[in-house]
Structure formats: structure tokens, C-alpha cells
1. Take residue 91 and decide whether it is in contact with a Lys or Arg (Cβ under 7 Å, 6 or more places away or on another chain) and either modelled with pLDDT of 95 or more or not assigned by TED's automatic domain parsing to the domain that holds residue 125 (or both).
2. I'm trying to understand the selection: among the residues of region 42-68, which are without any contact (Cβ under 8 Å) to a residue 40 or more places away in the chain, within 11 Å of the ligand (Cβ to nearest atom), within 22 Å of residue 19 (Cα to Cα) and out of contact with any Leu (no Cβ under 9 Å at 6 or more places or on another chain)?
3. How many residues does region 9-38 contain that are in a loop (DSSP other than H, G, I, E, B) and hydrophobic (A, V, I, L, M, F, W, C)?
4. Which residue out of 96, 64, 118 is open to solvent by 50 Å² or more (accessible area, probe 1.4 Å) and closer than 30 Å to residue 168 by Cβ?
5. Test each condition in (1) at pLDDT 90 or above; (2) within 15 Å of the ligand (Cβ to nearest atom); (3) among the β-branched types (Val, Ile, Thr) for residue 148 and report the one that comes out false.
6. From 71, 39, 34, grab the single residue that is under 15 Å from residue 7 (Cα atoms) and without any contact (Cβ under 8 Å) to a residue 24 or more places away in the chain.
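The values are calculated or read from the model by the stated rules, or taken from the named source; none is laboratory data. Quantities reported herein were computed from a predicted structural model and do not represent experimental measurements. Cβ placement follows ideal geometry from the backbone for every residue including glycine, while neighbour counts extend to all protein chains displayed. Surface accessibility is based on the protein's heavy atoms, side chains included, excluding ligands, DNA and RNA. Shrake-Rupley method; radii C 1.70, N 1.55, O 1.52, S 1.80 Å.
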Amino acid sequence: MATQTIVLIGFMGVGKTSIGTFLARKTKVNFCDTDRMITKSQAATPQEIFQTHGEVYFRQVESKVLAQALTQHGIISTGGGIVELKYNLQLLRQSKATIVYLYGDLSHLMPRLLPNHKRPLIEHNSSRDLFELWQRRDKIYRSIADLIIDTTGKRNNVIAAEIKLGAALWQRHELSQKEIAISSQILSLERKIANLNHQKQILNQNLINHRYIDVINRGFKRGSR
Ligand code: S3P
């Protein structure tokens, strides 16, 4: 993992920054986030840049920052709109980085997005516009991704483990994208089975405790007759 670069792409609110930070910390590699790089270079947040200079200017800055980020090793988290410029798609395709699409169903992303007014595209778009944006971008994310990871209902540590495994296999050309998707499904099923087994053990223990209490109670009743 030391010399490998992983670029996280995906819709707003899917958790690219938090998952990227988590994975970079766990694997002890460098982490960078294009939105943070933009904020640093422009001394303004994406929201402020949208307001003062508009989206076209923001995209130009984002493009420059992406080119710069791709010169580094480690984990790179990108803004959801990174796929808006064809030039960015070229940059991503030409890079040696593994492009990981963190997929999130819009119905699962919406509750995370709505209370958040830090995102300009959320403030100014209706739910229908957002759905169209999500649908359009979903196709582009898929077209440039080396790996697609479904984040629905998974914790960050599980998603990070799937990225790590998938990216390692992908880089070594050991498995195809489809096989990696299946192995990550197996991984998550194994985790669910382990969880269910644990719950079964707890239930069994509770049952034993109840029977034990029952026997003691009956013993008391007999004794008091
Ligand atoms: C944007 C997503 C944001 C940020 C900007 C534009 C988009 O990043 O780059 O507000 O066009 O989807 P996140 O995906 O981290 O929210």
C-alpha cells in the first residue's frame, strides 16, 4: 500500500473525506482532500468560492488542485463534482492511481445532505434536480472507476477494509472488478454471520439464565408449601 495511490470519487455526502482519513490513518499513508486544498489555496471554502466567483471558476481551481494531488502518493479524496470536467476525467484515466467509486444510493445520502447548508449545490437545487445530477454523475463515476464499493449500511471501518483489499487485488491484477465486488460481498456476509452468531450466543445465554431463574423460583415455591 506504501506506494499505491487511491483516489476516492463519489457523490456528495457519501463519506469520501471521513473514509479517506480513516483509511490513510490505518495504513499510515499520506491523505489529501481536493476541497481542503482548494480552501487552502483560495483562502475560501467551496461554498464561498461558488458564491463569489461562480461554479466555472471553482471547477478551474479544482482541476489544478486535482493535477497537483495526483503527483502525490497515498489517499486522495475528491469533491463530488470532480467528474464535471472532461479534462479531469482524462487526468484520472491517465494516472496510475486506483480510482475507487464509493457508491451511495441517493435515498441514503439525502438525510445526510439536507441538513447541511455548506454545500452550494444542495442549497440551490430541488430534490428532482439533485436526483438528475446523481443519476448523471453515477454513470460517469462508474465509467472511470477501477473499483466500485457500495457503502450502503456499512460502517467506515468496513468500507475502508473493502477498499484496502479491493485496491490491493486490483493493483496486482489478481481479480477482475466483478470478482472483487463478489469477494467484498462475501466479506460483508461473513461479518453479518459472525454478528448473528454473537447475537445467538447472547440469546442462548439469556434463555439459560431464564430457565435457571425459573428452576430456582419453582424450588422456592415447593419449599414454602
Ligand atoms: C461539489 C461537491 C463538494 C464540493 C463542492 C461541489 C459537487 O464536495 O467540492 O461543493 O459539485 O458535487 P463533497 O463531495 O465533498 O461534498
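1. Numbers: in contact with a Lys or Arg (Cβ under 7 Å, 6 or more places away or on another chain): no; either modelled with pLDDT of 95 or more or not assigned by TED's automatic domain parsing to the domain that holds residue 125 (or both): yes.
No, not satisfied.
2. Answer for region 42-68, where residues must be without any contact (Cβ under 8 Å) to a residue 40 or more places away in the chain, within 11 Å of the ligand (Cβ to nearest atom), within 22 Å of residue 19 (Cα to Cα) and out of contact with any Leu (no Cβ under 9 Å at 6 or more places or on another chain): just 65.
3. Step one: of region 9-38, the residues in a loop (DSSP other than H, G, I, E, B) are 10-15, 28-30.
When the remaining residues are screened for being hydrophobic (A, V, I, L, M, F, W, C), the result is 11-12, 14, 29.
Here the count works out to 4.
4. Answer to the selection: 96.
5. Failing condition for residue 148: (2).
6. Numbers: 39 fails: under 15 Å from residue 7 (Cα atoms); 34 fails: without any contact (Cβ under 8 Å) to a residue 24 or more places away in the chain.
Step by step, each of 71, 39, 34 is checked, and only 71 is under 15 Å from residue 7 (Cα atoms) and without any contact (Cβ under 8 Å) to a residue 24 or more places away in the chain.
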